[in-house]
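The values are calculated or read from the model by the stated rules, or taken from the named source; none is laboratory data. None of the values given here were measured: they were computed from a predicted structure. In this analysis, Cβ positions are derived from the backbone assuming ideal geometry, glycine residues included, and neighbour counts consider all displayed protein chains.
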Amino acid sequence: MTHSWDKAAAGSALHAIRGHTRRASVRGSGLLLHFTSLPGPGGCGDLGPEALRFVEQLQRAGQQAWQVLPLGPTGYGDSPYQTASVLAGNPILVSPQGLQKDGLLDSDDLRELPASSPRADYGWAQHARWRLYERAASRLFADHAQEALSALRREFAAYCEDEAAWLSDYTLFAAIKEECKMAPWVEWPAPLRDRHPLALDEARARLSERMRLHAFVQWQFERQFRRLRGAAKDAGIELIGDVPIFVAHDSVEVWQQREQFLLHPDGRLRVQAGVPPDYFSRTGQLWGNPLPDYQRMIDDGFQFWRRRIQRAAALFDRVRLDHFRGFAAHWEVPGTARTAEMGRWVPAPGALLFKTLLSDPETQGVSYIAEDLGVITPDVEALRDGFGLPGIRVLQFGFGPDEAYEGRPWGCHPNHVVYSSTHDNATLMGWYRGETDGTRTDEQAAAERARVHEYMGYEPSPQSAHHALLRLALATSADTVILQVQDVLGLGNEARMNRPGQSEGNWQFRLMPGQLDDRSLDDLRNLTRIYGRLPAKKSV
């Protein structure tokens, strides 16, 4: 198949801006923890007091970065990588305590929230929080609302006007889904599914009050995130976000911009995204995301991607690009397939996309991290290196049988970002102890553990093994090291965040109040100091 984004054009794009995105070399480290994993009442963590407290804990531990997972509204399975919008925030991250601070809830309201639970319960979080959001909104918009709330009403009106380009369609989408009992948009009545103007106008009139509630929640998400980002900046903490390469089929963007994706006229998938059989699954992973119509995206100057990156840049200091190999070529599977085994690699115009982003005044200053895990081929490496993007190396992958693997601790480069583990992997201690995760035999786990001991020159005690492993990550020459909080605490696979290929029981890890204690923070700060990763002292 011939594409207009041929190798010559890609090479020209790479040559034009080679090395443009390389960051200045500064040794530092940070922690990976999603907002839902924070402690606190309400079914899951959020953007409230515990998030602000975590910023203080990062600062105490000498860390310079906080990485989180994607922030969009989640649906079935609760995956942050399958969201109803790539621009909206997840409503359950809005803090009821923040609403109280704005004078929209009181202490009696907050007593309705369930106490901090050992696992995130998204169903309960939805139920408990939306009830409070409705109450807070009714107080803000009431005819007899207090005069003290008039400034908030003006701010809300200005927000709706400023964000109308995406907010209007998102709130309509969310309200229609509720009316249709959360059915995916492809199952809506045809006039709504196909966005007939009269049907949309009638829905806006019919659902205006509910649309205003969804706009209120998005406004509060924005207010609370800005407050958190300001606190992080004051503390010298960089926020690292995560942008999935693919968009959920049941999302407002696909419903709204159907022409940007490879779909049948009625919205069903012509083809879908996934990965072939790999480390995690013998039948591959079938993701169900629609694949982009890249020729259409090229023709309109990648407007879809430019909006996504502009939004990410407004929220974060750095952006992790999930499934980076898909920017060189993605695994295309028939839309009706049941597994990802029968697919094919299809080239993608990643070089032209990044050239566009790096020449756009609104996106050219963004710093990226390329998640280059999985099947990495020379074209992926050329795309990554041509733009000077830092790749990822996961510590536990560095002790396999391949002696030439550059992800071994001694082979990491300054432009790598080293992780102790990621949300998709076993925790560091779960991997070290060989806890069952279906990806290795007992013999393979024992061989990897032996290589760890050989590299360190000793066998650590069970009580101190996680500290010894963290040292291996922090000691690498990588400019940036990201440690999962579970690894800092030495937790096993019971604390794992996600098991790829498993549709239920994921994304539920939570810290309990006081679990990340002063001793853990002080120990981490000491390790950070030993390996030269503390923030530089500010001159007086």
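Quick notes
- Only residues that are more than 30 Å from residue 34 (Cα to Cα) and either surrounded by 15 or more Cβ atoms within 10 Å (Cβ to Cβ) or among the basic types (Lys, Arg) (or both) were counted in segment 141-163, giving 5.
- For segment 204-234, a residue qualifies if it is surrounded by fewer than 18 Cβ atoms within 10 Å (Cβ to Cβ), touching a helix residue (DSSP H, G or I) at 6+ places or on another chain (Cβ under 6 Å) and of a type in the set (A, V, I, L, M, F, W, C), and exactly one does: 231.
Residues checked against (1) under 30 Å from residue 250 (Cβ atoms); (2) among the hydrophobic types (A, V, I, L, M, F, W, C); (3) more than 28 Å from the chain's Cα centre (by Cα); (4) in a helix (DSSP H, G or I):
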site: 113; (1), (2), (3), (4): yes, yes, no, no
site: 116; (1), (2), (3), (4): no, no, no, no
site: 126; (1), (2), (3), (4): yes, no, no, yes
site: 134; (1), (2), (3), (4): yes, no, no, yes
site: 143; (1), (2), (3), (4): no, no, yes, no
site: 150; (1), (2), (3), (4): no, no, yes, yes
site: 161; (1), (2), (3), (4): yes, no, no, yes
site: 170; (1), (2), (3), (4): yes, no, no, yes
site: 173; (1), (2), (3), (4): yes, yes, no, yes
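- Restricting attention to segment 44-88, the residues being more than 21 Å from residue 122 (Cα to Cα) and aliphatic (A, V, I, L, M) number 5.
- Each residue in segment 160-200 was checked for being in contact (Cβ under 8 Å) with a residue 40 or more places away in the chain and β-branched (Val, Ile, Thr), and 2 of them qualify.
- If you go through segment 289-303 and keep only what is under 22 Å from the mean Cα position of the chain (by Cα) and buried (at least 18 other Cβ atoms within 10 Å of the Cβ), you end up with 289, 290, 291, 292, 302.
- Flag for residue 358 being touching a helix residue (DSSP H, G or I) at 6+ places or on another chain (Cβ under 6 Å) and not in a strand (DSSP E or B): no
- Residue that is nearest to the chain's Cα centre (by Cα), among those in segment 413-461 that are among the small types (Gly, Ala, Ser) and surrounded by fewer than 22 Cβ atoms within 10 Å (Cβ to Cβ): 438
- Of the residues in segment 22-36, not one is aliphatic (A, V, I, L, M), farther than 27 Å from residue 415 by Cβ, surrounded by fewer than 24 Cβ atoms within 10 Å (Cβ to Cβ) and modelled with pLDDT of 60 or more.
- Residues of segment 93-121 that are in contact with a Lys or Arg (Cβ under 8 Å, 6 or more places away or on another chain), modelled with pLDDT of 95 or more and within 22 Å of residue 79 (Cα to Cα): 94, 119, 120.
- Residue that is more than 22 Å from residue 67 (Cα to Cα), of a type in the set (Gly, Ala, Ser) and crowded, with 18+ Cβ neighbours inside 10 Å, where the choices are 386, 400: 386
- The residue that is surrounded by the most Cβ atoms within 10 Å (Cβ to Cβ), counting only those in segment 367-380 that are touching a helix residue (DSSP H, G or I) at 6+ places or on another chain (Cβ under 8 Å) and touching a residue at least 60 places away in the same chain (Cβ under 8 Å), is 374.
Conditions tested, residue by residue: (1) farther than 28 Å from residue 392 by Cβ; (2) out of contact with any Asp or Glu (no Cβ under 7 Å at 6 or more places or on another chain).
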residue	(1), (2)
188	yes, yes
223	yes, yes
251	no, yes
275	no, yes
284	no, no
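- Residue 110 surrounded by 23 or more Cβ atoms within 10 Å (Cβ to Cβ) and touching a residue at least 40 places away in the same chain (Cβ under 8 Å): no
- Residue 138 vs. criteria touching a residue at least 40 places away in the same chain (Cβ under 8 Å) and among the polar types (S, T, N, Q): no
- In segment 118-125, the count of residues that are touching a helix residue (DSSP H, G or I) at 6+ places or on another chain (Cβ under 7 Å), at negative phi and surrounded by 20 or more Cβ atoms within 10 Å (Cβ to Cβ) is one or more.
- Only one of the listed residues (527, 472, 483, 534) is within 26 Å of residue 390 (Cβ to Cβ), in contact with a strand residue (DSSP E or B) (Cβ under 8 Å, 6 or more places away or on another chain) and in contact (Cβ under 8 Å) with a residue 12 or more places away in the chain. That residue is 483.
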